[in-house]
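The values are calculated or read from the model by the stated rules, or taken from the named source; none is laboratory data. Here the structure is a predicted model, which means the values were calculated and not measured. In this analysis, Cβ positions are derived from the backbone assuming ideal geometry, glycine residues included, and neighbour counts consider all displayed protein chains. In case anyone asks, the SASA skips ligands and DNA or RNA and just uses the protein heavy atoms, side chains included. Shrake-Rupley method; radii C 1.70, N 1.55, O 1.52, S 1.80 Å.
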Amino acid sequence: MTTINRQVLTLDEFTIQQLRIFPRATGELSNLLRDIGLAAKRINVEVNKAGLVDILGDYGSINVQGEEVKKLDVFANNQLVGVLRHGISCAGVGSEELDEIVVFNDVVSNQSKYIVLFDPLDGSSNIDVNVSIGTIFSVYRRKSELGAPCRKEDFIQAGINQVAAGYIIYGSSTMMVYATRRGVNGFTLDPSIGEFCLSHPDIKCPELGKIYSVNHGNFFQYDEGVRNYITNCQKKTSETGGPYTQRYIGSMVSDVHRNLIKGGIFMYPGMSDMPEGKLRLMYECNPFAFLLEVAGGKATNGKTRILDLEPAGLHERSPFFAGSKGMMEELESFLKK
Ligand code: P6P
């Protein structure tokens, strides 16, 4: 009797299963998430070859297929724009790579009720040292009327309005993790079948943790409350036993993913010469804040809940503190002093 492989749900099967639970759903969001998964699979192929670029030809050169080899973040951006433009669920996109929004403005796209913001390849400076990097995305329902092209105000919305948000981490394995209001689920790419398979159902961020993530190189540029909290992390044993440990990869997707799974706090504070910090509100802070809150964590700018911040533009920055609820509350007690 041959044993049949344990049946695991693929991303497609999972999103369709969710549709069966909500018969009134149009399926647009499920289609959109599958489109992002398709773009991620194509990006994954190129990211995995990154080390070979010198062999295959430098960026900007012409490869054996006669195509120009693009910088990976430009390639990733083009994959996401292309798949979403040719899908049936997205009216337009905003990208870390593009100054302005891209309005798809065709009959089908204009009828689509969603818009997507993304950082196509966050941490791409880590590629040439083979550190894990990622794609971060954020989905909103448009505010403008269906049938007309989407507009800038469809993109400038507070994070609390997000319908879905998530990331793909191109690491030792490639995972797509996304949240809707129903929960956070993680899918690991099975290269043998080329499908994302449900590997981490209903992810919850542990309420307490032992990991704190921050760039110590900027320590003396942080506010006093932040410095006092970091010093506290170095002194105290965590409630979960043992001293805190410092883990910082310098790739947001990798650092936040680890802390989501294991428990921990990630900080990119404002600094004396960059009071708003480095991370972008619309396509780095908001998606992770939404996902972490659905998973039971918290995310603030040090004063205000990230999801309550009213953005003024596509590319504004925000200080970012996020992770385990208990650790965030401990941080807040230091920031209030
Ligand atoms: P620093 C990568 O460039 C990035 O945008 C995030 O992925 C990462 O968390 C942060 O910058 C690291 O910045 O200043 O600590 O190198």
>> I'm told Pro275 meets every condition in (1) over 16 Å from the mean Cα position of the chain (by Cα); (2) under 23 Å from Tyr170 (Cβ atoms) except one. Can you identify the failing condition by its number?
In response: (2)
> Quick check: is even one residue across region 244-264 outside the structural domain of Met176 (by TED's automatic domain parsing), crowded, with 23+ Cβ neighbours inside 10 Å, among the charged types (D, E, K, R) and free of Cβ contacts under 8 Å to residues at least 60 places away in the same chain?
Replying inline: yes
>> Anything in region 198-219 that is surrounded by fewer than 17 Cβ atoms within 10 Å (Cβ to Cβ) and within 16 Å of the ligand (Cβ to nearest atom)? List them, or say none.
In response: Asn215, His216, Gly217, Phe219
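Residue by residue, here is whether (1) modelled with pLDDT under 95; (2) part of a helix (DSSP H, G or I) holds:
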{"residue": "Met1", "(1), (2)": "yes, no"}
{"residue": "Arg6", "(1), (2)": "yes, no"}
{"residue": "Ile16", "(1), (2)": "yes, yes"}
{"residue": "Leu32", "(1), (2)": "no, yes"}
{"residue": "Asp35", "(1), (2)": "no, yes"}
{"residue": "Gly51", "(1), (2)": "yes, yes"}
{"residue": "Phe75", "(1), (2)": "yes, yes"}
{"residue": "Val81", "(1), (2)": "no, yes"}
{"residue": "Ala91", "(1), (2)": "no, no"}
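Return the residues of region 83-140 that are open to solvent by 40 Å² or more (accessible area, probe 1.4 Å), of a type in the set (Val, Ile, Thr) and over 21 Å from Gly27 (Cβ atoms); say none if nothing qualifies.
Going residue by residue through region 83-140, those that are open to solvent by 40 Å² or more (accessible area, probe 1.4 Å) are 85-86, 88, 96-100, 103, 105-108, 111, 113, 125, 128-131.
Among the residues that remain, those that are also of a type in the set (Val, Ile, Thr) are: 88, 103, 107-108, 129, 131.
Of everything in region 83-140, those that are open to solvent by 40 Å² or more (accessible area, probe 1.4 Å), of a type in the set (Val, Ile, Thr) and over 21 Å from Gly27 (Cβ atoms) turn out to be Val103, Val129, Val131.
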